[in-house]
Structure formats: structure tokens, C-alpha cells
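Novice: First, the structure itself, so that you have it in front of you.
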Amino acid sequence: MLAIDKHLALQQQLFLEARLLDDERYNDWLGLIDEAICYRMPMAERRFRKDRSAPLAFGGGRIFDENKGRLTMRVDRLQSGLVWAEDPRNKVRRIVSNVEIWQGVQTNEAEVHSVVTIHRSRIDGEEKHFVAGRRDVWRETAQGWRLVVRDISLDTSVVLDSNMNTLF
């Protein structure tokens, strides 16, 4: 069991993270990310209930599989002003809910499950919604909690959008 003060601090960290991303404070967001981050979104695998064969690892592929360097490149690209899908600027709002937090494998780690709903409005009448489950590992450091692992499970099996610039 995780102490209540750590539980509350981690929950607030998730809300802070969402606000930083909504406000396009990407460099501040990168400050919450551990150098050893594994940030992944597997392709969804949909099967009939009667199909009992072993699932493919990560659904057989990944939409993205990022480390700190790749996330930094994504942030640099978003801040470059050259991303056509971000001009005009998107209005993005993240809602983090269904937060559950447990003691992690290591004493300074916590496992966090949450659901994120993302609403993105780009141009009048053009709106996109994403709903995803997230399984995170956060590590407590001298500088605060840092995200070490994020596995994102998108609720749709097909990405119904022209780009995946969104950070979850």
C-alpha cells in the first residue's frame, strides 16, 4: 500500500502533467520524464471472444515506442512552427480520471493506472476525441516524481485522425 501523502502527490502530478501539455509547456513536461523513459502505444488487437490463441506481444506492433531522445525530438518538432497540423494552433484539453495507484516493484516507485480523455479542436467544426487507458510507473527522486514507463492503450483499433502529434 502506498502512503496517502504519496498517493495524493502522484494524483496531483497527473493533473499537473495534463495542464502542462494542454498549455503547450512541453519543456516543463519533459522535466517530469525520467531519462530512462519507455513511452509506448501498442496497436490494438481485437479478437472474437472464442479466439483463445495467445495474444501477440504489444498487439504485433506499436503506433509509437519512444525514449527520452525521441520525445525531445517530438517536442522540438512541435515547437518549430513547421508542423502543418498545428497551424492554426489546436486547442487541446485532457481529462485524467479513474486514477488507481499502488506501490511499485521498487520501494521508490509507484504503479499508476488512469484513463485519459483528450478533446482536440483544430479548425471550426474539426474535432477529434481520444480515450485511452494508461499504465505508468513513476519513480520518486530528489527532484520529485518522474515518469519511467507509460503504456498507452487506445480504445479504438483504428486511429481516426490525420496525425498522432498528441502526447498522452
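Novice: Of everything in region 114-168, what is modelled with pLDDT under 90, out of contact with any Lys or Arg (no Cβ under 6 Å at 6 or more places or on another chain), part of a loop (DSSP other than H, G, I, E, B) and not hydrophobic (A, V, I, L, M, F, W, C)? Give them in sequence order.
Specialist: Of everything in region 114-168, those that are modelled with pLDDT under 90, out of contact with any Lys or Arg (no Cβ under 6 Å at 6 or more places or on another chain), part of a loop (DSSP other than H, G, I, E, B) and not hydrophobic (A, V, I, L, M, F, W, C) turn out to be Asp124, Gly125, Asp155, Thr156, Ser162, Asn163, Asn165, Thr166.
Novice: Of all residues in region 8-25, how many are in a loop (DSSP other than H, G, I, E, B) and either touching a residue at least 40 places away in the same chain (Cβ under 8 Å) or under 14 Å from Val112 (Cα atoms) (or both)?
Specialist: Narrowing region 8-25 to residues in a loop (DSSP other than H, G, I, E, B): 23-25.
Next, only the ones that are either touching a residue at least 40 places away in the same chain (Cβ under 8 Å) or under 14 Å from Val112 (Cα atoms) (or both) stay: 24.
The total comes to 1.
Rundown of residues vs (1) surrounded by fewer than 15 Cβ atoms within 10 Å (Cβ to Cβ); (2) hydrophobic (A, V, I, L, M, F, W, C); (3) closer than 24 Å to Ile101 by Cβ; (4) in contact with a Ser or Thr (Cβ under 8 Å, 6 or more places away or on another chain), yes/no style:
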| position | (1), (2), (3), (4) |
| --- | --- |
| Leu14 | no, yes, yes, yes |
| Glu17 | no, no, yes, no |
| Asp23 | yes, no, no, no |
| Tyr26 | no, no, no, no |
| Leu32 | no, yes, yes, no |
| Glu35 | yes, no, yes, no |
| Tyr39 | no, no, yes, no |
| Lys50 | yes, no, no, no |
| Gly61 | yes, no, no, no |
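Novice: Let me ask another. So Leu2 passes all but one of these: (1) closer than 29 Å to Asn108 by Cα; (2) outside any loop (DSSP other than H, G, I, E, B). Which condition number does it fail?
Specialist: Just one mismatch for Leu2, condition (2).
Novice: Is there a residue in region 69-90 that is surrounded by 15 or more Cβ atoms within 10 Å (Cβ to Cβ), in a strand (DSSP E or B) and of a type in the set (D, E, K, R)?
Specialist: no
Novice: Within region 61-70, identify whether any single residue is touching a Leu at 6+ places or on another chain (Cβ under 8 Å), over 26 Å from Glu109 (Cα atoms) and β-branched (Val, Ile, Thr), and answer yes or no.
Specialist: yes
Novice: Here is a follow-up. For region 111-168, what are the residues that are in contact (Cβ under 8 Å) with a residue 24 or more places away in the chain and at positive phi?
Specialist: Answer for region 111-168, where residues must be in contact (Cβ under 8 Å) with a residue 24 or more places away in the chain and at positive phi: just Gly144.
Novice: Suppose we filter Ser114, Ser53, Ser97 for residues that are farther than 20 Å from Gln12 by Cα and polar (S, T, N, Q); which single one remains?
Specialist: On the way: Ser114 fails: farther than 20 Å from Gln12 by Cα; Ser97 fails: farther than 20 Å from Gln12 by Cα.
Within the list Ser114, Ser53, Ser97, the selection yields Ser53.
Novice: Condition check: free of Cβ contacts under 8 Å to residues at least 24 places away in the same chain and β-branched (Val, Ile, Thr). Does Thr107 satisfy that?
Specialist: On the way: free of Cβ contacts under 8 Å to residues at least 24 places away in the same chain: yes; β-branched (Val, Ile, Thr): yes.
Criteria met by Thr107.
The values are calculated or read from the model by the stated rules, or taken from the named source; none is laboratory data. Bear in mind that the values here come from a model prediction, so they are computed numbers and not experimental data. Neighbour counts run over all protein chains shown; Cβ positions are idealised from the backbone, glycine included.
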